[in-house]
Each structure stands twice: as structure tokens, then as C-alpha cells.
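Trainee: Got a structure here, written out as C-alpha cells. Questions coming.
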Amino acid sequence: MGKKLYVGNLPYTATEESLRTAFADAGTVESAAVIADKFSGRSKGFGFVEMSTEEEAQKAIEMWNGNEMEGRKLVVNEARPMEDRPPRRTGGGGGFGGGGFRRRDSGDNNSF
């Protein structure tokens, strides 16, 4: 089974293909992913690479951790499982902000 690696401090120009190509020197790359912001589509500066064996993963860590890719020193280590997070609060809003609005009554002679 493959070993997943976290790759941090990626250049914002990095693509899944460039990540796959760079890590191929250490062995067989099962998958490569660059994490992007869902709204802008811009890279968040980190990603994941899955190597086919534990030995290849260790070689990739030794080869890339602390070395530069396009002028940025990469942080490469074994990926940790995603932790459970508490559910997000939904809804929102509560009440109306007071102030700035005056209701016009029939007896009010002030014009707006």
C-alpha cells in the first residue's frame, strides 16, 4: 500500500503535474494533489503526494524536505490523518442591528 506525504510551502505556480514529476525521482508516484482555494482556484501552497512504497516515501522525504522548488524551501513529511472537527454552526444572523432607521408615523412631521 502507498504512503501519503504532506508537501508544504509549495510555490503558488506548482501544479499536480509538476509535483508528480519532481517526486518521480524518488520512485513511483501513485497520486499528486495541490490543494486550491475553492473560491479563487489559487493554490493554498500545500499538497499531497502518495508514493507506492514506504521506502520510496522515505527517499522522497530525504530528497525534498528542506530543498527548494522554484525558490521555496519545501516541507515534506508523512501526512497525518485528518482529525475530526466539530460541526460548523449554520444559520447566523440573529436580530436586526438597531439604529439608523426611523419609522415614519402619521403624526410625525419630519421629512426624510
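Trainee: Quick one: is Glu50 among the acidic types (Asp, Glu) and in contact (Cβ under 8 Å) with a residue 24 or more places away in the chain?
Mentor: Answer is yes for this residue.
Trainee: Further question: Within the range 20-46, which residues are under 17 Å from Gly66 (Cβ atoms) and touching a strand residue (DSSP E or B) at 6+ places or on another chain (Cβ under 8 Å)? Spell out the reasoning first.
Mentor: Restricting attention to the range 20-46, the residues satisfying the condition of being under 17 Å from Gly66 (Cβ atoms) are 22-23, 25-26, 45-46.
Once the filter is applied, which keeps residues that are under 17 Å from Gly66 (Cβ atoms) and touching a strand residue (DSSP E or B) at 6+ places or on another chain (Cβ under 8 Å), the range 20-46 yields Ala22, Phe23, Ala26, Gly45, Phe46.
Trainee: Consider Leu10 against the criteria (1) part of a strand (DSSP E or B); (2) touching a residue at least 60 places away in the same chain (Cβ under 8 Å): it satisfies all of them except one. Which criterion is unmet?
Mentor: Against the list (1) part of a strand (DSSP E or B); (2) touching a residue at least 60 places away in the same chain (Cβ under 8 Å), Leu10 comes up short only on (1).
Trainee: In the list Ala14, Ala57, which residue meets the criterion of being over 14 Å from Gly2 (Cβ atoms), crowded, with 16+ Cβ neighbours inside 10 Å and touching a Gly at 6+ places or on another chain (Cβ under 9 Å)?
Mentor: So the residue among Ala14, Ala57 that is over 14 Å from Gly2 (Cβ atoms), crowded, with 16+ Cβ neighbours inside 10 Å and touching a Gly at 6+ places or on another chain (Cβ under 9 Å) is Ala14.
Trainee: Looking at the range 21-47, I want the residues that are closer than 23 Å to Met63 by Cα and basic (Lys, Arg) and have a partner that is at pLDDT 95 or above and not in a strand (DSSP E or B) with Cβ atoms under 9 Å, at least 6 apart or on another chain. Which pairs are those?
Mentor: Every condition considered, the pairs that remain are Lys44/Leu10.
Trainee: Could you please give the count of residues in the range 47-72 that are small (Gly, Ala, Ser) and touching a Pro at 6+ places or on another chain (Cβ under 8 Å)?
Mentor: Number satisfying all stated conditions: 1.
The values are calculated or read from the model by the stated rules, or taken from the named source; none is laboratory data. Here the structure is a predicted model, which means the values were calculated and not measured. Note that we place each Cβ from the backbone using ideal geometry, even for glycine, and neighbour counts take in every protein chain shown.
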